[in-house]
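Written out below as C-alpha cells is the structure these notes cover.
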Amino acid sequence: MTRKVRRFSGGVYDLGYHVVWCAKYRRPVLDGRVAIRLEELIRSKAIEKDWEIIALEVMPDHVRLFVRAHPRDSPSHIANQFKGFTSRVLRGEFPHLRSRLPTLWSSSYLVSSVGAVSDDTVQRYIDTQWERPWKKEPRGA
C-alpha cells in the first residue's frame, strides 16, 4: 500500500489506527444481516467523519478495523463514535440484540497506531540527527 499523506491548514499527517472491539460477553451475534448492516453503519460513520477505512472485518464476536483519521480526532473518540453509533442503530433494528445482551458492545476496546515506519527506525533517526551532513554541530557544543 502506498503512503498517503493528507494536508490541512496546520500541517500534514498520516495517522492510522487498528481498532478492535467485541460484543458483550464475546457472544457470536454479529452474523448474517446484522454483520452486513454493521459494516454499512461503520462505513457511513467513517464518511460522515471524513475517516478513511483501509480494512474492515466483522467477525461473529468482534470487529477489526484499520482506519486513517485526522489528528483532531483522538483514538478513543474514534472507537467510541463507531461503538456508540452502531450499538444504537443495531439494537433498534434487531430486537433480538436487546433481549440477548444488556449492551451490544463490551466497554473495552483495543486501539494501536499503525505507522509507516518501525519503532527502531524512528529511534535511529532521532539518535542520529547530528550525524546528518547538513548539520553543523550539536547545540550546546
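All of the numbers you see were taken from the coordinates with simple rules; none came from a lab. Model, not experiment: these values are computed from the prediction. Here the Cβ positions follow ideal geometry from the backbone for every residue, glycine too, while neighbour counts run over all protein chains shown.
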- Note on the structure: In nm, the gap between the two label points placed 7 Å beyond Cα toward Cβ at ASP50 and SER9 is 1.1
- Note on the structure: Between ILE54 and residues 5 or more places away or on another chain, the pairs with built amide H atoms under 5 Å apart involve PHE66, VAL67, ARG68
- Message: Helix-only mean residue ellipticity at 222 nm, the chain, DSSP H runs n ≥ 4 weighted -39,500 (n - 2.57), per residue, nearest 500. What is it?
- Response: -11500 deg cm²/dmol
- Task: Taking the dipole about the Cα centre of the chain, with the C-beta of Lys and Arg at +1 and of Asp and Glu at -1, give me whichever of GLY115, VAL5, VAL67 is farthest to the positive side.
- Result: VAL67
- Task: Could you list ASP127, ASP14, ASP61 in order of exposure, starting from the residue whose Cβ has the fewest other Cβ atoms within 10 Å?
- Result: ASP127, ASP14, ASP61
- Task: Using a Gaussian network model of the chain whose springs link C-alpha atoms within less than 10 Å, name the residue from ALA79, ALA55, ALA35 with the highest mean-square fluctuation.
- Result: ALA55
- Query: For segment 12-116, what mean projected area does the convex hull of the alpha carbons give, in nm²?
  - Reply: 6.3
- Message: Under a Cβ-only charge scheme (Lys and Arg +1, Asp and Glu -1), can you give me the dipole magnitude of the chain about the Cα centre, in debye to the nearest 20?
- Response: 340
- Message: Only counting other Cβ atoms within 10 Å, I'd like THR86, THR121 sorted with the fewest neighbours first.
- Response: THR121, THR86
- Task: Measure off 7 Å from each Cα along the Cα-to-Cβ vector at ILE36 and ASN80, then give the distance between these two points in nanometres to one decimal.
- Result: 3.3
- Query: Binning every alpha carbon pair distance of segment 1-60 at 5 Å from zero, what are the percents per bin?
  - Reply: 4, 13, 20, 22, 16, 10, 7, 5, 2
- Provide, for the chain, the number of lysine pairs with alpha carbons under 26 Å apart, each pair being eight or more places apart or on different chains. 7
